[in-house]
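The values are calculated or read from the model by the stated rules, or taken from the named source; none is laboratory data. Note that the coordinates shown come from a computational prediction; the quantities given were computed from them, not determined experimentally. Note that we place each Cβ from the backbone using ideal geometry, even for glycine, and neighbour counts take in every protein chain shown. Accessible surface is based on the protein model in full, side chains and every heavy atom, while ligands, DNA and RNA are left aside. Shrake-Rupley method; radii C 1.70, N 1.55, O 1.52, S 1.80 Å.
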Amino acid sequence: MEPFTVSFLPSSEFLKLSSFHSFQHSDLKLRHSFKSRTTPRMLRQPHELVITNEYPQNADFPRNYSRKEKKPFPIPIVELRRAARERFKKNKGQPKGRAPPPKNGLLVQCLVPLAYDVFNARITLINNLKKLLKVVPVHACGWCNELHVGPEGHPFKSCKGKHATLRKGLHQWTNAAVEDVLVPIEAYHLYDPLGKRIKHEERFSIPRIPAVMELCIQAGVYVSEYPTKRRRKPIIRIGKREFVDADESDLPDPVPEVPLKPLLTELPISEAVAPTNEEEKTLLAEETLQAWEKMRKGAKKLMQMYRVRVCGYCPEVHVGHSGHKAQNCGAHKHQQRNGQHGWQSAVLDNLIPPRYVWHVPDVDGPPLRRELRNFYGQAPAVVEICVQAGAAVPDQYKSTMRLDIGIPSSVKEAEMVV
C-alpha cells in the first residue's frame, strides 16, 4: 500500500482513529503532524495524517495452478532475454573476470552459520509439530491433498480426488501426520555440485534427501552420512562447460571436517511428549512459529547465492547449477517431453510449500458454514496450527486471514452484504 495523506480540521477526530477495528488488526503506522496554512480571512491549522502499511490490509489467496498448467517464471522470459542482451553488450571485448563463490567451487563463508541455523530450524519445526499434533486436531482428506485445522473438517465441496463426483465434492477426513503439514520435497544429493549432471541411468544409485537439507549441505553444513566435495582453491575454467580443479599440493593437509554448530536430530513420534497445560502449549506454539519463519527467511537468503531449480510441470526440485537428466516427470503431456523435466528457477514456495488451509475465527464457536465461505480467510497450515495453540498472528499473514472482516451470523445477513 502506498502512503497517502488525509487532511481534516477537528483534532478530536484524530483521537478516534485508534478505536477503528481495522487499525487494531493491521500493521499501520500513524504520523500526526501540523501544517500551518494562512488565509486572508482566518488562520487555520489543519492536521496532516500519513498512514503507511508494510503489509496490505487484505490480499487475495494464493492461486492454485492446475496440473495441466505450467508454473510461471519468477522473472518473465522477455525480461531475462533483455537482461542477457544488455549483459552481453556490456562484457563484449572485456576480459573475463574470476567467478565469485559458489560458482568457483568455494563456499560463501558468511552464509555457513546461516545454513546451520536453517538446518536446525527445520529439525526444531518437525519435532515441535509432532508434539502439537497431539493437542491440536488436524484433518487430512483421504482422496486429495487438502488439510483442515480444527475440531472437525470443513464442509466445503472442494475435493478433486478420486470418486469426487460420487461424493459431490465432499471430503473424507482422516487424522493428519507431519508429512501432510510439511510436504516432503526431496532432491538428489550431489557429491560435487559442479560435477556432471545426473544421468537417467544413475537415478537409483544417488541418494535423495530433503531439498532444504541438501541446500544447507551445499552451503556448508557437514553431515557425515552425506559427504560432499569441499575445494580450497577456485576452479580453473578451460571452456564454457569444462573446468579443472586447482593444484592444492602446496596447501597443508586438510583438517577433518567437523560441524560448526551442534546438529539436532529428529525425534521419533513415540518420544514426542505433548504439552501438559495451556502455558506450555503457547510457548511451544511460539517456538514453532519462530522456527518456521527462521527456516523460510534463511532458505530464501541461501537461494539467492545457491541456485535451486524446479520443474515447470511437476514438483521436482533440484539443488544445483542445472537440473538433472532423469526422465521421471509424470506431469501433463510428459510423453511429448520423453519424461524430461522443464527446469526453471525456483521460488521459496517451491522449496517449502506453505499448504494454505482455512482459518477458523473461533475454535470454540460454531463450525465453518458452507454459505459463508467468502467471508473466511486462509493461512499456511503451520501458522494456523500455532495460532490455534495460542501463538500471536504474524503481521505478514493477517492480510490473507481476513481478521478485520466481520462474519455474518446467518445466511440472510450474508445476502444483505453489498
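Details
- When restricted to residues that are among the charged types (D, E, K, R) and open to solvent by less than 40 Å² (accessible area, probe 1.4 Å), the range 192-246 contains 3.
- Index of the failed condition, Pro353 passing every other in (1) surrounded by fewer than 18 Cβ atoms within 10 Å (Cβ to Cβ); (2) in contact (Cβ under 8 Å) with a residue 40 or more places away in the chain; (3) touching a helix residue (DSSP H, G or I) at 6+ places or on another chain (Cβ under 9 Å): (3)
- Selection within the range 256-288 - among the hydroxyl-bearing types (Ser, Thr, Tyr), open to solvent by 70 Å² or more (accessible area, probe 1.4 Å) and farther than 30 Å from Gly220 by Cα: Ser270, Thr276
- Flag for Ala331 being surrounded by fewer than 13 Cβ atoms within 10 Å (Cβ to Cβ) and either in contact (Cβ under 8 Å) with a residue 60 or more places away in the chain or in contact with a Ser or Thr (Cβ under 8 Å, 6 or more places away or on another chain) (or both): no
- Set side by side, the residues Gln340, Gln344, Gln378 differ, and just one is in contact (Cβ under 8 Å) with a residue 24 or more places away in the chain and within 23 Å of His189 (Cα to Cα), which is Gln344.
- Here Thr165 does not qualify as within 26 Å of Lys281 (Cα to Cα), over 25 Å from the mean Cα position of the chain (by Cα) and not aliphatic (A, V, I, L, M).
- In the set (1) under 22 Å from the mean Cα position of the chain (by Cα); (2) modelled with pLDDT of 90 or more; (3) more than 30 Å from Lys281 (Cβ to Cβ), the condition left unmet by Asn328 is number (1).
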